[in-house]
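Engineer: Have a look at this one before I ask anything.
The values are calculated or read from the model by the stated rules, or taken from the named source; none is laboratory data. All values derive from a computational prediction rather than experimental measurement. FYI the Cβ positions are ideal-geometry reconstructions off the backbone, even for glycines, and counts take in every protein chain you see.
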Amino acid sequence: MSETTKHIKHVLSENPVTLVAAALFAFFVLVAIFGPWLAPYDPLASDTVTALKPPSLQHWFGTDALGRDILSRTLVATRLDLGIAVSAVVLSFAIGISLGLAAGYFGGWWDIGVIRLADTIMAFPLFVLAMGIVAALGNTVGNIVLATAIINLPFYVRVARAETNVRRSAGFIEAARLSGNSDLRILAVHLFPNILPPAMVQVSLNMGWAILNAAGLSFIGLGVRPPTPEWGILVAEGAQFIVSGEWWVSFFPGAVLMLAVFSFNLLGDALRDIFDPRKRT
Amino acid sequence: MTLPLLDVQDFSLEFRTRSGTVRALQNVNLRIAKGEIVGLVGESGSGKSVLSYAMLGISDAAAKVTGGRAMFGAQDLLTLDEKTLADLRGREISMIFQSPRTALNPIRPVGLQIEDVLRRHAVAARGRTGPDAGLGLRERAIQALREVAIADPERRWAAYPFEMSGGMCQRVMIAIALACRPSLLIADEPTTGLDVTTQAAVMDLITGLARERGMATLFITHDLGLAADYCDRIVVMHAGHAVEAAPTKALFAAPRHPYTARLMSSTPNAGSTLASLEPVPGNLPDLRRDDLPACRFSERCQRVTDTCRKAPPVLSPDDSHAVACWHPLMEAAGV
Amino acid sequence: MLKLIAKRLLAALPNLVGVVIITFMLTRALPGDPAAYFAGGAATPEAVEQVRKQLGLDRSLPEQFFLYVGGLFRGDFGTSLTTGQPVLQELLTRLPASVEMVLLALVVACSIALPLGVMAATKPGSWIDQLCRLVTTAGVSLPTFFTGLLLAYVFYFLLGWAPAPLGRLDPVFSPPPTVTGLYLIDGLLGGDSGLWWAAFKQLILPTLTMALFVLAPIARMTRASMLQVLSSDFVRTARASGLSNTTVRVRYALRNALLPVVTTLGMVFGFMLGSSVIIEKVFGWPGVGSYAIDALTASDYAPVQGFVLAMGVLFVLLNLLVDLLYTLIDPRISLGASS
């Protein structure tokens with residue numbers, strides 16, 4: 001059994017919560033893929049007769065103001081939320097890692113420029129910056145993805161740059177160059193694979209945050225518009241009814257959202273324990 | 001015979017870890033007389049530091065004493081409650097550590113750190129007579145700095161550890177440890193990491209103060225040469241066992257335990273050549289094993305017989321040159 | 001010492017410049033015709049042209065930038081289409097509401113998170129430790145809008161303990177005479193205890209929501225830092241000197257452990273400023289966040305951009321403050337540690 005497998009088994013057996021997190025993660029991915037087929041009702045079909053009914057056997061999560069089944073809407077929303085988060089993180093990862101690698105590898109102006117960019121992004125409260133970007137570029141889902149990607153750039157830039165710098169000061173890069181490797185080869189074959197473990201930890205932790213971000217933006221009316229089901233929108237639709245006691249309209253989508261973010265965070269913690277036990281808290 | 005200051009009898013200790021139980025110390029006997037400077041020598045992992053931490057009651061939480069006594073005067077240190085132990089620490093028994101800069105509070109002036117100890121053991125400090133009687137805390141702290149040969153102690157009182165060299169930090173630690181005039185000082189590798197000249201200065205300081213005050217010192221080190229230069233007696237440890245104890249001259253003239261002999265031939269001294277140095281063969285045994293031989297050196301020893309594996313050799317503390325071995329080395333000239 | 005402070009101030013400048021540049025880019029990066037956006041949906045072509053000339057949108061980009069920065073220094077953050085008021089003025093009027101909630105939330109969060117983290121570290125494996133770990137893991141997963149709504153449901157609707165989430169004051173009361181803009185302070189100064197209590201009650205839910213959100217990072221950092229410090233060499237020395245448990249824990253461990261927590265505060269402020277937008281929406285809180293959201297829904301862009309700029313500047317200044325605070329309390333920095 002290789003060292004990594006042994007270590008993974010050790011972490012899994014140490015902490016059963018990790019298994020739970022992995023199971024939840026798998027669950028959400030499945031729901032995202034098969035959501036529309038799993039939904040008992042059409043998420044967009046309104047039926048004013050059954051409006052605002054509390055949870056029952058016919059409607060496990062109850063119905064909203066337009067009589068739509070909340071369970072169906074929540075299930076279907078999974079795909080959109082996860083889709084936004086995944087796209088944003090992938091985009092952020094691709095650009096951020098490339099910039100960070102370049103900064104650490106080439107140094108000089110590259111380094112200064114990239115760090116300036118990352119610092120300037122982090123000079124804003126990130127959610128506010130996302131608001132500003134979506135407001136400036138236009139109120140579409142694509143721009144939500146772009147905005148979320150931009151505000152997450154600094155994390156990947158820093159991870160890539162830090163890891164590259166470590167190897168640079170260890171003489172790793174010099175040695176590779178002296179053996180005749182081209183820049184691209186060094187970057188792609190030597191540096192990138194070493195950056196993957198901490199970067200993957202970052203990805204998992206970021207996913208939870210990206211979902212929260214996207215939902216938050218929709219909650220305040222940016223990006224996804226009703227009647228498209230999205231967790232943030234679903235909670236927003238139910239907000240006005242909280243004070244009159246119809247709690248289920250906001251509660252279930254919100255709880256599912258929380259569960260999704262929670263499982264991604266747990267997974268991120270588990271990945272971190274596997275790849276870098278030193279950073280455990 | 002006068003009562004020894006510290007009398008460790010048959011002391012055993014183990015650690016419960018995730019990967020098994022580490023039998024760190026087994027049936028250790030150690031005696032320190034009043035005012036005596038004893039060197040505790042052994043490889044890394046031989047249990048020297050573990051022993052001293054256990055005396056003070058500051059062992060890791062996973063440590064468990066499984067037998068023996070540690071008599072300090074009339075009290076068994078191992079049975080004392082935390083409060084009594086805390087009263088003893090810093091006042092009757094003090095300890096100094098290696099890496100002096102990290103062993104001091106980085107954001108507190110060193111003078112205040114000395115005053116903290118003085119204030120804590122105020123009763124004892126106040127009760128002492130002599131040139132210190134009647135001085136305030138701050139003056140006492142400055143006096144303590146002066147006693148460890150720190151120049152300009154009034155100004156240095158306000159200094160932070162990062163503003164001082166390693167040697168100076170070690171002096172401060174000594175000042176803290178000796179502020180309340182303890183009767184026993186445990187020095188755990190105090191010169192490791194310091195350059196050679198500073199090493200000598202620190203060792204001279206410690207032994208000088210010890211002689212002056214009649215303070216017993218347990219000097220823990222892996223450096224046999226250093227122990228030879230400064231200690232009255234040396235106790236050699238191997239893998240959690242105390243294997244030999246003798247006055248320094250006698251030990252070096254005629255080591256009785258095979259391990260001690262091999263240790264000496266692997267230690268360079270002036271005049272030895274690289275070729276004449278021989279490492280001790282093998283490694284320390286894994287102390288988590290259930291099948292440890294009775295003599296833990298037997299797997300590395302050339303004089304081993306079956307008895308060595310089955311019956312534990314015992315170091316008898318009453319002998320002036322004691323050895324824990326079934327087949328000790330004998331001086332050809334007859335001892 | 002002054003040199004250090006000056007150095008820190010200088011270090012914050014590039015961030016300020018970056019904030020202004022990015023906000024400028026956002027202002028002028030609108031798809032289509034920026035002038036049309038600023039003129040509003042109902043504007044005639046002539047009105048749009050007028051706005052274009054007024055804002056200098058017909059000039060080159062560098063010229064526009066200098067015009068923009070010049071305007072900022074004059075206090076011109078643009079004008080709101082919906083209210084017709086200068087944006088800066090409206091932001092300043094509404095700022096105290098946001099500040100009051102954020103500050104109070106920070107105080108509440110620290111007073112829970114710090115002891116929690118410390119106790120979790122000093123008693124590892126105990127129920128307090130488990131609670132702390134639960135709080136930190138669950139806390140970062142909490143969507144603030146969800147927590148806010150839940151709290152409103154439980155404490156207002158179910159239990160009736162908290163007032164309706166309708167803003168800073170029940171309409172029955174009129175606000176206290178303005179000194180700081182913070183109702184709790186102005187109310188105290190004004191001497192009207194009924195008013196003070198009413199203002200306080202309205203603050204409870206939004207403050208609690210935000211505090212719950214920032215509890216997690218503060219508690220996590222406190223626990224981690226304390227754990228590390230407790231196993232450090234100097235704590236061992238302190239114990240070996242016989243110092244009492246309290247002295248060791250407070251004077252030696254805690255003071256050292258708090259240093260990294262202070263640096264966390266900068267990051268925490270960022271979370272708070274961001275989540276304040278959402279919390280203001282949930283509770284109808286008349287702060288700068290809800291101002292921006294209302295403007296956004298009405299396609300009124302100047303307030304949104306003014307808001308983003310103001311938040312950026314505020315965040316940079318807050319980070320600077322935290323930086324300066326840290327410089328002052330860590331002697332290794334204030335006295336200049338040699339390597």
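Engineer: Restricting to the stretch C:134-176, give me the number of residues that are under 21 Å from residue A:252 (Cβ atoms), outside any helix (DSSP H, G or I) and at pLDDT below 85.
Structural biologist: Count: 2.
Engineer: Right, here's the next one. Just the residues that are more than 14 Å from chain C (Cβ to nearest Cβ) and either outside any loop (DSSP other than H, G, I, E, B) or farther than 24 Å from residue B:223 by Cα (or both), please, taken from the stretch B:184-199.
Structural biologist: Residues satisfying the conditions are B:196, B:197, B:198, B:199.
Engineer: Name the residue, out of A:136, A:94, A:118, A:130, that is part of a helix (DSSP H, G or I), under 22 Å from the mean Cα position of the chain (by Cα), more than 16 Å from residue A:214 (Cα to Cα) and within 14 Å of chain C (Cβ to nearest Cβ).
Structural biologist: A:118
Engineer: Considering C:209, C:222, which residue is under 19 Å from residue C:278 (Cα atoms), among the β-branched types (Val, Ile, Thr) and in contact with a Gly (Cβ under 6 Å, 6 or more places away or on another chain)?
Structural biologist: Going through C:209, C:222 in turn, the sole match is C:209.
Engineer: Could you list, in sequence order, all residues of the stretch A:227-279 that are surrounded by fewer than 24 Cβ atoms within 10 Å (Cβ to Cβ), within 22 Å of the chain's Cα centre (by Cα) and outside any helix (DSSP H, G or I)?
Structural biologist: A:228, A:276
Engineer: Further question: Taking the stretch A:25-70 as the region of interest, how many residues are under 17 Å from residue A:81 (Cβ atoms) and in contact with a helix residue (DSSP H, G or I) (Cβ under 7 Å, 6 or more places away or on another chain)?
Structural biologist: Residues in the stretch A:25-70 being under 17 Å from residue A:81 (Cβ atoms) and in contact with a helix residue (DSSP H, G or I) (Cβ under 7 Å, 6 or more places away or on another chain): 11 in total.
Engineer: Here is a follow-up. Report whether or not residue C:230 is over 22 Å from residue B:111 (Cβ atoms), more than 11 Å from chain A (Cβ to nearest Cβ) and touching a residue at least 12 places away in the same chain (Cβ under 8 Å).
Structural biologist: For residue C:230, the condition - over 22 Å from residue B:111 (Cβ atoms), more than 11 Å from chain A (Cβ to nearest Cβ) and touching a residue at least 12 places away in the same chain (Cβ under 8 Å) - is met.
Engineer: Would you be able to say whether some residue in the stretch A:176-198 is assigned to a loop (DSSP other than H, G, I, E, B) and facing chain C (nearest Cβ under 9 Å)?
Structural biologist: Here is the first cut: in the stretch A:176-198, the ones assigned to a loop (DSSP other than H, G, I, E, B) are A:179-182.
Pick out the ones that are also facing chain C (nearest Cβ under 9 Å) and you get none.
Among the residues of the stretch A:176-198, not one is assigned to a loop (DSSP other than H, G, I, E, B) and facing chain C (nearest Cβ under 9 Å), which makes the answer no.
Engineer: Taking the stretch C:282-304, which residues are crowded, with 24+ Cβ neighbours inside 10 Å and not β-branched (Val, Ile, Thr)?
Structural biologist: C:283, C:285, C:287, C:289, C:290, C:291, C:292, C:295, C:303
Engineer: Need the failing condition index for residue A:239 against (1) touching a residue at least 24 places away in the same chain (Cβ under 8 Å); (2) of a type outside the set (Lys, Arg); (3) under 26 Å from residue C:155 (Cα atoms), just the number.
Structural biologist: (1)
Engineer: Conditions first: (1) within 12 Å of another protein chain (Cβ to nearest Cβ); (2) within 30 Å of residue A:53 (Cα to Cα). Residue A:209 passes all but one, so which condition is the exception?
Structural biologist: Answer for residue A:209: the failing condition is (2).
Engineer: Determine whether the stretch C:95-118 contains at least one residue that is within 14 Å of another protein chain (Cβ to nearest Cβ), more than 30 Å from residue A:254 (Cα to Cα), in contact with a Lys or Arg (Cβ under 6 Å, 6 or more places away or on another chain) and among the small types (Gly, Ala, Ser).
Structural biologist: No; the residues of the stretch C:95-118 include none that is within 14 Å of another protein chain (Cβ to nearest Cβ), more than 30 Å from residue A:254 (Cα to Cα), in contact with a Lys or Arg (Cβ under 6 Å, 6 or more places away or on another chain) and among the small types (Gly, Ala, Ser).
Engineer: Sticking with this one: If the requirement is being modelled with pLDDT under 90 and either facing chain B (nearest Cβ under 10 Å) or under 23 Å from residue C:333 (Cα atoms) (or both), which of these qualifies: C:222, C:263?
Structural biologist: Selected residue: C:263, the only one of C:222, C:263 that is modelled with pLDDT under 90 and either facing chain B (nearest Cβ under 10 Å) or under 23 Å from residue C:333 (Cα atoms) (or both).
Engineer: Just give me the residues in the stretch C:8-41 being more than 14 Å from chain A (Cβ to nearest Cβ), assigned to a helix (DSSP H, G or I) and over 22 Å from residue C:312 (Cβ atoms), in sequence order.
Structural biologist: C:35, C:39
Engineer: Another one. For the stretch A:103-112, check the following and say yes or no: at least one residue is out of contact with any Lys or Arg (no Cβ under 8 Å at 6 or more places or on another chain), at pLDDT 90 or above and more than 15 Å from residue A:191 (Cβ to Cβ).
Structural biologist: Taking every residue of the stretch A:103-112 in turn, at least one turns out to be out of contact with any Lys or Arg (no Cβ under 8 Å at 6 or more places or on another chain), at pLDDT 90 or above and more than 15 Å from residue A:191 (Cβ to Cβ).
Engineer: Are there any pairs, at least 6 apart or on different chains, whose C-beta atoms fall under 7 Å, with the first in the stretch C:147-166 and more than 14 Å from residue C:280 (Cα to Cα) and the second outside any helix (DSSP H, G or I) and among the aromatic types (Phe, Trp, Tyr), and if so, which?
Structural biologist: Going by the 7 Å Cβ cut-off, the qualifying pairs are C:153/A:247; C:155/C:161.
This table checks each residue for (1) more than 11 Å from chain C (Cβ to nearest Cβ); (2) modelled with pLDDT under 90.
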residue	(1), (2)
A:204	yes, yes
A:241	no, yes
A:245	no, yes
A:253	no, no
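Engineer: Could you tell me which residue of the stretch B:86-111 is nearest to residue B:8 (Cα to Cα), considering only residues that are part of a helix (DSSP H, G or I) and within 8 Å of chain C (Cβ to nearest Cβ)? First the steps, then the outcome.
Structural biologist: Within the stretch B:86-111, the first condition is being part of a helix (DSSP H, G or I), and the residues that meet it are B:86-88, B:110-111.
Filter again for within 8 Å of chain C (Cβ to nearest Cβ), leaving B:86-88.
On the way: B:86: 19, B:87: 20, B:88: 17 Å.
Checking each candidate, the answer is B:88.
Engineer: Exactly one of these conditions fails for residue B:241: (1) within 17 Å of residue B:30 (Cα to Cα); (2) over 22 Å from the mean Cα position of the chain (by Cα); (3) not aliphatic (A, V, I, L, M). Give me its number.
Structural biologist: (2)
Engineer: Does the stretch B:66-83 contain at least one residue that is within 12 Å of the chain's Cα centre (by Cα), within 23 Å of residue B:286 (Cα to Cα) and outside any loop (DSSP other than H, G, I, E, B)?
Structural biologist: The first filter runs over the stretch B:66-83 and keeps only residues within 12 Å of the chain's Cα centre (by Cα), leaving none.
Taking every residue of the stretch B:66-83 in turn, none turns out to be within 12 Å of the chain's Cα centre (by Cα), within 23 Å of residue B:286 (Cα to Cα) and outside any loop (DSSP other than H, G, I, E, B).
Engineer: Let me ask something additional. Identify all residues within the stretch C:183-202 that are buried (at least 20 other Cβ atoms within 10 Å of the Cβ) and touching a residue at least 60 places away in the same chain (Cβ under 8 Å); write none if there are none.
Structural biologist: Once the filter is applied, which keeps residues that are buried (at least 20 other Cβ atoms within 10 Å of the Cβ) and touching a residue at least 60 places away in the same chain (Cβ under 8 Å), the stretch C:183-202 yields only C:183.
Engineer: Follow-up question, since we're still on this one. Determine whether residue C:131 is surrounded by fewer than 16 Cβ atoms within 10 Å (Cβ to Cβ), modelled with pLDDT under 90, over 19 Å from the mean Cα position of the chain (by Cα) and among the hydrophobic types (A, V, I, L, M, F, W, C).
Structural biologist: It is true that residue C:131 is surrounded by fewer than 16 Cβ atoms within 10 Å (Cβ to Cβ), modelled with pLDDT under 90, over 19 Å from the mean Cα position of the chain (by Cα) and among the hydrophobic types (A, V, I, L, M, F, W, C).
Engineer: Can I ask one more? Would a scan of the stretch B:200-212 turn up a residue that is under 24 Å from residue B:90 (Cβ atoms), over 15 Å from the mean Cα position of the chain (by Cα), assigned to a helix (DSSP H, G or I) and of a type in the set (S, T, N, Q)?
Structural biologist: No, there is no match, as no residue in the stretch B:200-212 is under 24 Å from residue B:90 (Cβ atoms), over 15 Å from the mean Cα position of the chain (by Cα), assigned to a helix (DSSP H, G or I) and of a type in the set (S, T, N, Q).
Engineer: A follow-up question, please. Could we say that residue C:273 is in contact with a helix residue (DSSP H, G or I) (Cβ under 9 Å, 6 or more places away or on another chain), within 11 Å of chain A (Cβ to nearest Cβ), buried (at least 20 other Cβ atoms within 10 Å of the Cβ) and modelled with pLDDT under 90 here?
Structural biologist: Judged against the criteria, residue C:273 is not a match.
Engineer: Those residues that are assigned to a strand (DSSP E or B), aliphatic (A, V, I, L, M) and more than 16 Å from residue B:280 (Cβ to Cβ), I need them from the stretch B:220-267; list them, please.
Structural biologist: Hits for the stretch B:220-267 are B:220, B:234, B:235, B:242, B:245, B:246.
Engineer: Search the stretch C:290-339 for residues being of a type in the set (Asp, Glu) and touching a Leu at 6+ places or on another chain (Cβ under 8 Å), and hand back the single one that is nearest to residue C:81 (Cα to Cα).
Structural biologist: C:300
Engineer: Has the stretch C:42-58 got at least one residue that is of a type in the set (Ser, Thr, Tyr), away from every other protein chain (no Cβ under 14 Å) and outside any helix (DSSP H, G or I)?
Structural biologist: Taking the stretch C:42-58 first, the residues of a type in the set (Ser, Thr, Tyr) are C:44.
Right, trim to away from every other protein chain (no Cβ under 14 Å) and you get C:44.
Restricting the remaining residues to those that are outside any helix (DSSP H, G or I) gives C:44.
Yes, the stretch C:42-58 has at least one match.
Engineer: Follow-up question, since we're still on this one. Going by what's in this entry, would residue A:216 be described as of a type in the set (Gly, Ala, Ser) and modelled with pLDDT under 80?
Structural biologist: The answer is no for residue A:216.
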